[in-house]
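Worksheet: one structure, shown below.
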Amino acid sequence: MTRAESDEINLLDSPTFRYGIAASTTAILFVVAFWQFDGTVRWIVVALALANAVIVPRRLAAAAEQG
């Protein structure tokens, strides 16, 4: 049975889900960065948040393609 014939719903196939996961974790990292840290550490956490926003949707899309 192929994936198209299956009645399963895979959330990873939805771009809204993939970008929503990335957006929520990025928002959490931003809040933590500005609430808990200052100086260089704050900007490192902000950089990690931005990297998260770019990388996570791509990795989830790759995982969806692998099934």
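Within segment 8-31, can one find any residue that is at pLDDT 90 or above, in a helix (DSSP H, G or I) and more than 14 Å from the chain's Cα centre (by Cα)? Yes, some residue in segment 8-31 is at pLDDT 90 or above, in a helix (DSSP H, G or I) and more than 14 Å from the chain's Cα centre (by Cα).
Do we find that R42 is among the charged types (D, E, K, R) and free of Cβ contacts under 8 Å to residues at least 24 places away in the same chain in this structure?
yes
The values are calculated or read from the model by the stated rules, or taken from the named source; none is laboratory data. As the structure is a prediction and not an experimental result, all values here were calculated from the model. In this analysis, Cβ positions are derived from the backbone assuming ideal geometry, glycine residues included, and neighbour counts consider all displayed protein chains.
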